[in-house]
1. Search region 154-212 for residues being assigned to a loop (DSSP other than H, G, I, E, B) and among the charged types (D, E, K, R), and hand back the single one that is most open to solvent (accessible area, probe 1.4 Å).
2. Pull out all pairs, ordered by first then second residue, where Cβ-Cβ is under 8 Å, the residues are six or more apart or on different chains, the first lies in region 258-287 and is under 15 Å from residue 229 (Cβ atoms) and of a type in the set (S, T, N, Q), and the second is within 14 Å of the ligand (Cβ to nearest atom) and in a loop (DSSP other than H, G, I, E, B).
3. So, of the residues in region 178-197 that are more than 15 Å from residue 129 (Cβ to Cβ) and among the polar types (S, T, N, Q), which turns out to be nearest to the ligand (Cβ to nearest atom)?
4. Show me the helices (runs of 4 or more DSSP H) entirely contained within region 65-142 in which 2 or more residues are free of Cβ contacts under 8 Å to residues at least 24 places away in the same chain and touching a helix residue (DSSP H, G or I) at 6+ places or on another chain (Cβ under 9 Å).
5. Restricting to region 251-298, and then to whatever is polar (S, T, N, Q) and touching a Lys or Arg at 6+ places or on another chain (Cβ under 8 Å), can you tell me which residue is least open to solvent (accessible area, probe 1.4 Å)?
6. Inspect all residues belonging to region 114-129 and state whether any of them is touching a Lys or Arg at 6+ places or on another chain (Cβ under 7 Å) and either among the charged types (D, E, K, R) or surrounded by 14 or more Cβ atoms within 10 Å (Cβ to Cβ) (or both).
7. Which one of these does residue 269 not meet: (1) within 16 Å of the ligand (Cβ to nearest atom); (2) in the same structural domain as residue 210 (by TED's automatic domain parsing)?
8. Can you name every residue in region 142-151 that is open to solvent by less than 60 Å² (accessible area, probe 1.4 Å) and farther than 13 Å from residue 206 by Cβ?
Amino acid sequence: MAEIIDGNAIADEIKREIIADTEKLKEKGIVPGIATLMVGDDFGAKMYRRQVERNCESVGFRYIEKSLPAETTEEEVVDIVRQLNEDVGVSGILPLRPFPEHISDSAVINTIRYEKDIDCFHPFNMGRLTLGEPTLPPCTPAACIEILERIGLDFVGAEVVVVGHSNIVGKPVALLMLNRNSTTTVAHIFTSQAGNLEKHTTGADILIVAAGKAGLITADLVKEGAIVIDVGINRVKVLDEEGNPVLDEKGKQKTKTVGDVDFDNVKDKCRAITPVPGGVGAVTNMMLLKNALTAAKSQKGL
Ligand code: NAD
């Protein structure tokens, strides 16, 4: 059976490193700070905001909350970003999307000073990432790399297949792997529709899956001994052995969080695998803090 990669343990280790670094910075009078920017009251964005706030507290960072009503104009939101750019107590700015329809993502993102863009949304930072230049890397892709590095993997010449080509996960994680000299293939929905997904995934030494489709990667799509990183987060119904819905005490359908990989079957075939929950997500949270710490240092010329 595969090694089940403990994302929570890796996250704890990174957190200890961040706390130690933050204490040293505080001796120099520097306190890293993260500002979240939310417009409206999207449920997912609110959950993430709370999580960022708690994470900041847990490592001794300053947390600045900017939560604006849904009717705030684009100009007003952009103005808040400009103020956060100028605020020396803010090392990193995190826009929490989705924004209401009348606010363009790019109007907000392009206003963030790239030195404070702690999830690598700004085109300038994505450009630097593409060129392999140092930048604050996007958190989820960086979490995949961090996990692979911490389990001691060598990427050079490795056959890496990324499933998913979104701007926030698939494309940047593929670039990060390419920058580490792996042989990188990106598969996506059109690869599946062309009937070619298995052809690519079965050749992967390292398979990174970010499709948002529960059960997409079954055991027959995975090479014996591969390393599998499951980025997907999906809410699915809990079913009993006969496939009937399982209800909670209030008579409501029970649900659970799963990844994109058929974990129970794939774990018997691969060398190591990240579970969901308890895998990439936990490490992603720490990468945001790590980026804010790096940003705080470089803004003070350290
Ligand atoms: P997205 O919807 O923007 O992109 C999905 C990608 O998967 C697309 O490139 C699409 O082509 C591909 N895809 C969809 N169905 C496919 C199929 N049948 N075969 C092959 N490719 C397919 O999603 P995203 O924002 O990139 O997120 C992907 C998943 O990762 C989601 O489940 C999301 O919740 C999760 N996620 C997790 C974290 C984390 O920290 N763990 C962070 C961000 C996103």
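The values are calculated or read from the model by the stated rules, or taken from the named source; none is laboratory data. Bear in mind the structure is a predicted one, so any value in this text is a computation, not a measurement. Every residue, glycine among them, receives a Cβ derived from its backbone with ideal geometry; neighbour counts consider all protein chains shown. When the accessible area is computed, the model is the full protein with side chains, heavy atoms only, and any ligands, DNA or RNA have been set aside. Shrake-Rupley method; radii C 1.70, N 1.55, O 1.52, S 1.80 Å.
1. First pass over region 154-212, keeping only residues assigned to a loop (DSSP other than H, G, I, E, B): 154-158, 164-169, 180-182, 188, 194-196, 202-205, 210-212.
Adding the requirement that they be among the charged types (D, E, K, R) leaves 154, 180, 205.
Numbers: 154: 113, 180: 77, 205: 52 Å².
If we take residues in region 154-212 being assigned to a loop (DSSP other than H, G, I, E, B) and among the charged types (D, E, K, R), then 154 is most open to solvent (accessible area, probe 1.4 Å).
2. So the pair list comes out as 274/5; 274/259.
3. Ranking the qualifying residues of region 178-197, first place goes to 192.
4. Those helices (runs of 4 or more DSSP H) span 105-109, 123-131.
5. 257
6. Here is the first cut: in region 114-129, the residues touching a Lys or Arg at 6+ places or on another chain (Cβ under 7 Å) are none.
For region 114-129, residues touching a Lys or Arg at 6+ places or on another chain (Cβ under 7 Å) and either among the charged types (D, E, K, R) or surrounded by 14 or more Cβ atoms within 10 Å (Cβ to Cβ) (or both): absent.
7. (1)
8. Within region 142-151, the first condition is being open to solvent by less than 60 Å² (accessible area, probe 1.4 Å), and the residues that meet it are 142-148, 151.
Those that are open to solvent by less than 60 Å² (accessible area, probe 1.4 Å) and farther than 13 Å from residue 206 by Cβ: 142, 143, 146.
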